[in-house]
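Okay, so here's the structure we're looking at.
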Amino acid sequence: MKTIIAKEFADQPQFNPVKGILQACVHCGFCTATCPTYLMLGDERDSPRGRIYMMKAMFEGEPVTQETRLHLDRCLTCRSCETTCPSGVEYGRLVDLGRVVAEQKAPRPVVQKFVRWGLRQVLPYRARFGPLFKMGQLVRPVLPMVLKQHIPSASAKLMAPKTNHKRVMLSLPGCAQASAAPNTDVAAAQVLDKLHITLKVLHRSGCCGAINHHLNDHEKALEQARHNIDLVWPELQAGAEAVVITASGCGATLQEYGHMLRHDIAYADKAKQVAKAAKDIVEILAQENLTDIKVRLREERLKDVKAVGKIAVHCPCTQQHAMQLPHKVKALLDDLGFDTADTKNDHLCCGSAGTYSLLQPKLSHQLRSQKINDLTVDNPQLIVTANIGCQLHLGGAGNVPVKHWLELLAK
Ligand code: SF4
Ligand code: SF4
């Protein structure tokens with residue numbers, strides 16, 4: 001379709017991809033069938049195709065209204081539409097840029113600005129989020145339900161292995177997961193230790209940039225990406241094999257570093273290499289010999305089979321649609337002999353979606369109820385997932401306990 005990008009955007013390199021993405025869309029509407037917000041609200045403006053129409057008008061210089069921003073805000077950036085789209089439309093990249101423009105042209109009310117600013121000041125920083133989260137856990141019993149749902153009780157700490165191996169992989173502790181579910185990365189270290197791989201933690205690393213990127217502070221997200229690249233790059237040069245991803249939300253962003261920093265001469269190449277090195281741990285395990293782990297698990301389960309029971313596997317959108325690793329965790333757990341449950345509508349988002357659960361609580365809770373129903377059709381005793389945001393969000397429903405799947409493999 002003919003697309004004439006307005007001069008004010010055509011002149012800015014960051015908007016270069018817009019025209020190509022808009023032109024790739026043939027408006028067939030296949031994507032609407034797998035869009036959670038369209039399925040829930042039934043409004044074309046809350047579908048990928050409708051949002052693409054609105055963004056086309058916006059980038060062609062038509063007026064932008066509060067309504068345009070509202071419909072873009074309601075998008076989960078789950079990228080289910082990308083998986084469905086037969087024309088390869090990079091919707092996620094388009095909506096990230098569209099939101100920046102919508103926010104500039106149709107400014108938010110002061111309260112919304114303040115809330116988003118507050119989230120950007122707290123969530124991406126371990127030193128700020130960690131103490132607040134711990135305080136929340138202490139006073140959890142007296143917190144209102146809306147907050148309690150986002151704060152699980154503290155669980156017993158796993159012990160990190162001490163052995164040093166020749167093979168080294170890297171861990172970026174990130175922001176929320178290090179405070180809210182520290183056992184996940186320890187479990188990863190334990191599993192890799194069994195495979196004679198040391199998981200080296202880069203303690204000075206920070207947030208991958210996802211929170212700022214999704215809250216439209218792209219400059220800050222780039223700054224965070226550069227900081228992480230500065231730490232990872234020398235380790236890769238020294239022989240580290242991979243950056244191990246245990247939170248798919250962070251993995252999806254790390255894998256975008258090459259694209260995010262493509263105009264930065266000093267970082268473009270390094271960003272590409274770091275993005276390539278970022279691998280979800282399920283991908284890493286799929287390439288290793290897991291015989292010892294299988295034997296060990298079989299022995300453990302003979303003692304403890306009833307305690308684990310049937311497990312529903314939730315595949316986060318960032319893992320299946322962004323990193324393109326659908327069903328991998330379930331396949332691995334099946335291979336390791338776990339009893340995995342049947343589930344429905346695996347392609348649909350649980351409603352967590354980064355800060356979406358905080359900014360769009362009503363829609364997010366509706367999606368969560370639907371997801372819990374779809375995950376529990378086979379009456380599982382446990383739900384496992386691969387992303388901290390989904391873990392906290394689904395766990396907040398309180399119906400069935402929710403863990404990271406790696407914890408099943410920990411000692
Ligand atoms: S995004 Fe893809 S599936 Fe959706 S309307 Fe456009 S071409 Fe069709
Ligand atoms: S990213 Fe998800 S919510 Fe947004 S338009 Fe695509 S399918 Fe719908």
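What to note about this one:
- Among (1) touching an Asp or Glu at 6+ places or on another chain (Cβ under 9 Å); (2) within 27 Å of LYS270 (Cα to Cα); (3) among the small types (Gly, Ala, Ser) - the single one ALA187 does not satisfy: (2)
- Any hit, the stretch 50-58, residues being closer than 21 Å to CYS350 by Cβ and within 14 Å of ligand 2 (Cβ to nearest atom): yes
- With respect to the conditions (1) hydroxyl-bearing (Ser, Thr, Tyr); (2) part of a loop (DSSP other than H, G, I, E, B); (3) within 21 Å of GLN360 (Cα to Cα), THR37 lacks only one, and its number is (2).
- Against the list (1) in contact with a helix residue (DSSP H, G or I) (Cβ under 9 Å, 6 or more places away or on another chain); (2) under 30 Å from GLY118 (Cα atoms); (3) not in a loop (DSSP other than H, G, I, E, B), the condition LYS362 fails is (1).
- Any helices (runs of 4 or more DSSP H) falling wholly within the stretch 94-192 and containing at least 2 residues that are buried (at least 16 other Cβ atoms within 10 Å of the Cβ): 110-122, 126-138, 176-180
- Residue in the stretch 338-351 that is in a helix (DSSP H, G or I) and either surrounded by fewer than 20 Cβ atoms within 10 Å (Cβ to Cβ) or in the same structural domain as LEU41 (by TED's automatic domain parsing) (or both) present: no
- Test: residue in the stretch 82-90 that is touching a Gly at 6+ places or on another chain (Cβ under 8 Å), more than 8 Å from ligand 1 (Cβ to nearest atom) and outside any helix (DSSP H, G or I): no
For (1) within 10 Å of ligand 2 (Cβ to nearest atom); (2) without any contact (Cβ under 8 Å) to a residue 12 or more places away in the chain; (3) farther than 20 Å from TYR356 by Cβ, each residue gets a yes or a no:
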residue: GLU8; (1), (2), (3): no, no, yes
residue: ASP11; (1), (2), (3): no, yes, yes
residue: GLY29; (1), (2), (3): no, no, yes
residue: THR34; (1), (2), (3): yes, no, no
residue: VAL100; (1), (2), (3): no, no, no
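- Across the stretch 233-259, the qualifying residues are those that are part of a loop (DSSP other than H, G, I, E, B) and under 19 Å from the mean Cα position of the chain (by Cα), and the one among them that is farthest from VAL282 (Cα to Cα) is GLU256.
- Count - residues of the stretch 260-295 that are more than 24 Å from ASP334 (Cβ to Cβ) and in a helix (DSSP H, G or I): 11
- Only listed residue being away from ligand 2 (no atom under 16 Å from the Cβ) and modelled with pLDDT under 95, chosen from VAL122, VAL168, VAL110: VAL122
- If the condition is being within 6 Å of ligand 2 (Cβ to nearest atom) and not hydroxyl-bearing (Ser, Thr, Tyr), then the stretch 75-94 contributes CYS75, LEU76, CYS78, ARG79, CYS81.
The values are calculated or read from the model by the stated rules, or taken from the named source; none is laboratory data. Please read these numbers as outputs of a predicted model, since none were measured by experiment. Note that each Cβ is placed from the backbone with ideal geometry, even for glycine, and that neighbours are counted across all protein chains shown.
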